[in-house]
Amino acid sequence: MAGVWTEATEVLASVTEDPLLQVAGTAGLFSAVGYTLLYKCSQVLSPKLCSGYRPLKQHDKVDWSTRLPSTLHAVLVTALCLWALCYSGEFFDSSSSSSRVVLRVSELSYAILGISAGYFLVDFCVICWHTEIGSKEMYIHHVVSLLSLAVAAQVHSLHVYLLMVLLTEATTPFVNLRWALDRLQLKHLKLYQVNGLLMLLVWGVARVAMFVPFYLHVLQNLRIIAQEPPHAVAMLLGVPLLLLALNTMWFVKIAKGAYKMMFGAKQQQQQQQQQQGVAELQQLKEKQRQQLRISADGKQQELLGTVEIKAYAPHHHAE
């Protein structure tokens, strides 16, 4: 594997002399190839390992096969971003001023950039080819992500913000598991409910709340950021706002779904009980009406019988 990495780097060296771009390009190439292999492996192994795969519609099978590389990319990138930001010391350490962090880059950050670029590029090609599995929001998300990665690679700065935004990929495994359980008709499992609540929690933290410290850091260092190329500043200030809007929209939908999952069954049960109570009350009233009707008919018949008896009784005349 090390030899293949070296050969790929040498090939990219003929394209660019920048060693960091060579790292990004090599990582992107490996990521794209890895996506393709995982996609094909999923197509081959899923029918053998999962009985619920065969009945799926063709577009769902395509979508299913994209979920494996999607999940692995999310886990890998989230772990690498956390390491780079919190443990590596390449961005945040006790001696780093806020402005220095803004300008820092590293081989690791370029490798992460390349991994994500390779993934998003191939996944974008898949959803463009199979339009039935794509959505307007997905197209916007992928195009904006690729543009952001390209700008970050070109300006050689602002990588700390790129890594923070890539932490949003932490929600992807939960989204993919929910989708799979739904397609396999397993929504009744406790796992579906637990995963839904975890997805709501992680989504709220990674895709919504995370943008608060993100923009606070941006505002604190706006003077330094303003010295970067205009297109990079525009991307940094605008793209996260767009992503935040999309993420908030999805978060509201997820929250509504979670509320319905947790309390919808109870409310439905209460409504059914109320409807059943109303029906029973109506039946009781109808029964009482019938009894009153029968009682009235009986009294009427009794009265008519008495009248008839009196009418036909022999009259005794006094002589």
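The table below gives the values:
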| read-out | value |
| --- | --- |
| Residues satisfying the stated conditions in the stretch 195-225, i.e. free of Cβ contacts under 8 Å to residues at least 40 places away in the same chain and in contact with a helix residue (DSSP H, G or I) (Cβ under 6 Å, 6 or more places away or on another chain) | N195, L198, V202, A206, F211 |
| Test: residue in the stretch 9-29 that is in contact with a Gly (Cβ under 8 Å, 6 or more places away or on another chain), exposed (fewer than 11 other Cβ atoms within 10 Å of the Cβ), modelled with pLDDT under 95 and under 26 Å from H156 (Cα atoms) | yes |
| Near pairs, Cβ below 7 angstrom, 6+ apart or cross-chain, from the stretch 227-251 (free of Cβ contacts under 8 Å to residues at least 60 places away in the same chain) to any residue that is among the hydrophobic types (A, V, I, L, M, F, W, C) and exposed (fewer than 15 other Cβ atoms within 10 Å of the Cβ) | V233/A226 |
| Tally of residues being charged (D, E, K, R) and modelled with pLDDT of 75 or more across the stretch 256-279 | 2 |
| Criterion violated by F91 - all others in (1) modelled with pLDDT of 95 or more; (2) over 25 Å from W179 (Cβ atoms); (3) touching a Leu at 6+ places or on another chain (Cβ under 6 Å) satisfied | (1) |
| Pick from the stretch 30-40, criterion closer than 30 Å to H156 by Cβ and under 25 Å from the mean Cα position of the chain (by Cα), ranking: surrounded by the fewest Cβ atoms within 10 Å (Cβ to Cβ) | T36 |
| Among the candidates L184, L177, L191, L162, residue that is closer than 24 Å to P69 by Cα and in contact with a Cys (Cβ under 8 Å, 6 or more places away or on another chain) | L184 |
| Neighbours by Cβ (under 7 Å, 6+ apart or cross-chain): first from the stretch 100-112, touching a residue at least 40 places away in the same chain (Cβ under 8 Å); second of a type in the set (D, E) | R104/E90; S106/E90 |
| Hits in the stretch 41-51 (condition: part of a helix (DSSP H, G or I) and either within 23 Å of the chain's Cα centre (by Cα) or in contact (Cβ under 8 Å) with a residue 12 or more places away in the chain (or both)) | C41, S42, Q43, S46 |
| Any hit, the stretch 90-99, residues being part of a helix (DSSP H, G or I) and not hydroxyl-bearing (S, T, Y) | no |
| In the stretch 76-88, the residues that are assigned to a helix (DSSP H, G or I) and surrounded by 14 or more Cβ atoms within 10 Å (Cβ to Cβ) | L76, V77, T78, L80, C81, L82, W83, A84, L85 |
| Any hit, the stretch 165-176, residues being over 17 Å from the mean Cα position of the chain (by Cα), within 18 Å of A32 (Cβ to Cβ) and part of a helix (DSSP H, G or I) | no |
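The values are calculated or read from the model by the stated rules, or taken from the named source; none is laboratory data. Since the model is a prediction, treat every value here as computed from it, not as a measurement. Neighbour counts are summed over all protein chains in view; Cβ atoms, including those assigned to glycine, are modelled from backbone coordinates with ideal geometry.
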